[in-house]
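Heads up, the thing below is written out as structure tokens.
Quick note: the coordinates plus some simple rules give every number you see, no bench work behind them. Note that the coordinates shown come from a computational prediction; the quantities given were computed from them, not determined experimentally. Backbone-built Cβ (ideal geometry, glycine too); neighbour counts: all protein chains shown.
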Amino acid sequence: MKALISLSQVNYQVADQHILHDINWQIPAGAHITLTGPSGGGKSTLLRIMAAMISKTSGDLQFEGRPIESYDPIMYRRQVSYCFQQPTLFGETVADNLAFPYQIRKQPMDTSRVVTALQNFGLSERTLHQPVTELSGGERQRVALIRNVLFLPQVLLLDEVTAGLDEANKDIVHQWLRRLNEQEHVTTIMITHDTTEIAAADQLVKVVDGRLEVHA
């Protein structure tokens with residue numbers, strides 16, 4: 001199967017600190033991957049390189065058979081979307097955040113679609129007009145995730161997005177990720193240290209001391 005994302009001999013170094021060592025990884029379209037490993041091992045660095053948020057020191061990284069350097073960065077990030085552990089919301093209300101993906105595409109916000117997305121994440125229509133300062137941590141994370149997928153990317157990179165969430169919120173996110181992967185065929189790669197998420201992994205990949213270990 002042809003890889004959607006291909007990494008060959010990818011390294012990342014800052015000064016004399018070698019963070020990633022010769023990463024070779026072929027990621028097929030539709031994969032649902034759990035990424036784990038010790039803190040400081042290079043997991044987030046790897047995802048940020050794949051998201052074109054930082055540049056590899058050496059090696060080759062391709063998306064759909066083309067070097068990522070050949071893509072317009074904005075267009076690339078619409079296809080390979082990165083979700084932060086600590087969500088950043090802006091403006092005054094939830095609507096300000098969920099209108100943003102439409103605004104950058106010069107489109108009016110599709111309110112019915114946005115409301116459906118909120119409901120899929122266990123949030124009511126009233127949430128749309130709620131001040132962001134009044135949201136709980138779990139609500140903030142869900143709003144940030146919705147903002148990332150109102151226009152579906154091909155790849156969703158999730159950096160410990162369930163860390164700090166209670167079990168109910170984790171279940172909502174897990175169900176949504178499963179549906180997104182199985183029904184919409186979005187390739188998902190999620191960093192976690194959660195033992196339950198690791199045990200439930202379809203495919204487990206570990207990053208240890210900057211090196212990749214692919215498990216069944």
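Looking only at the stretch 60-75, residues that are surrounded by 11 or more Cβ atoms within 10 Å (Cβ to Cβ) and either within 18 Å of Leu150 (Cβ to Cβ) or among the acidic types (Asp, Glu) (or both) come to 3 in all. Scanning the stretch 150-167 for residues that are more than 27 Å from Thr111 (Cβ to Cβ) and assigned to a helix (DSSP H, G or I) turns up at least one hit. When the residues of the stretch 139-174 are narrowed to those that are of a type in the set (Asp, Glu) and more than 10 Å from the chain's Cα centre (by Cα), which ends up surrounded by the fewest Cβ atoms within 10 Å (Cβ to Cβ)? Only one residue fits best here, namely Glu167. Take Tyr82 and decide whether it is within 30 Å of His21 (Cβ to Cβ), of a type outside the set (S, T, N, Q) and under 21 Å from the mean Cα position of the chain (by Cα). Considered against the rule, which asks whether it is within 30 Å of His21 (Cβ to Cβ), of a type outside the set (S, T, N, Q) and under 21 Å from the mean Cα position of the chain (by Cα), Tyr82 comes out as yes.
Screening the stretch 29-132 for helices (runs of 4 or more DSSP H) wholly inside it with 1 or more residues that are of a type in the set (Lys, Arg) returns the ranges 43-50, 73-79, 111-120. Look at (1) farther than 15 Å from Arg211 by Cα; (2) in contact with a helix residue (DSSP H, G or I) (Cβ under 9 Å, 6 or more places away or on another chain); (3) not β-branched (Val, Ile, Thr) and you find that Pro67 fails only one, number (2). Could you please let me know if Gln141 is without any contact (Cβ under 8 Å) to a residue 40 or more places away in the chain and part of a helix (DSSP H, G or I)? No; evaluated as a whole, the condition is false for this residue.
Residues are listed down the side, and each one gets a yes or a no for (1) touching a Phe, Trp or Tyr at 6+ places or on another chain (Cβ under 6 Å); (2) closer than 19 Å to Leu152 by Cα:
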{"residue": "Gln13", "(1), (2)": "no, no"}
{"residue": "Ala31", "(1), (2)": "no, yes"}
{"residue": "Gly37", "(1), (2)": "no, no"}
{"residue": "Lys56", "(1), (2)": "yes, no"}
{"residue": "Gly59", "(1), (2)": "no, no"}
{"residue": "Gln62", "(1), (2)": "no, no"}
{"residue": "Val80", "(1), (2)": "no, yes"}
{"residue": "Gln86", "(1), (2)": "no, no"}
{"residue": "Met109", "(1), (2)": "yes, yes"}
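Set side by side, the residues Thr127, Thr88, Thr93 differ, and just one is in contact (Cβ under 8 Å) with a residue 24 or more places away in the chain and surrounded by fewer than 13 Cβ atoms within 10 Å (Cβ to Cβ), which is Thr88.
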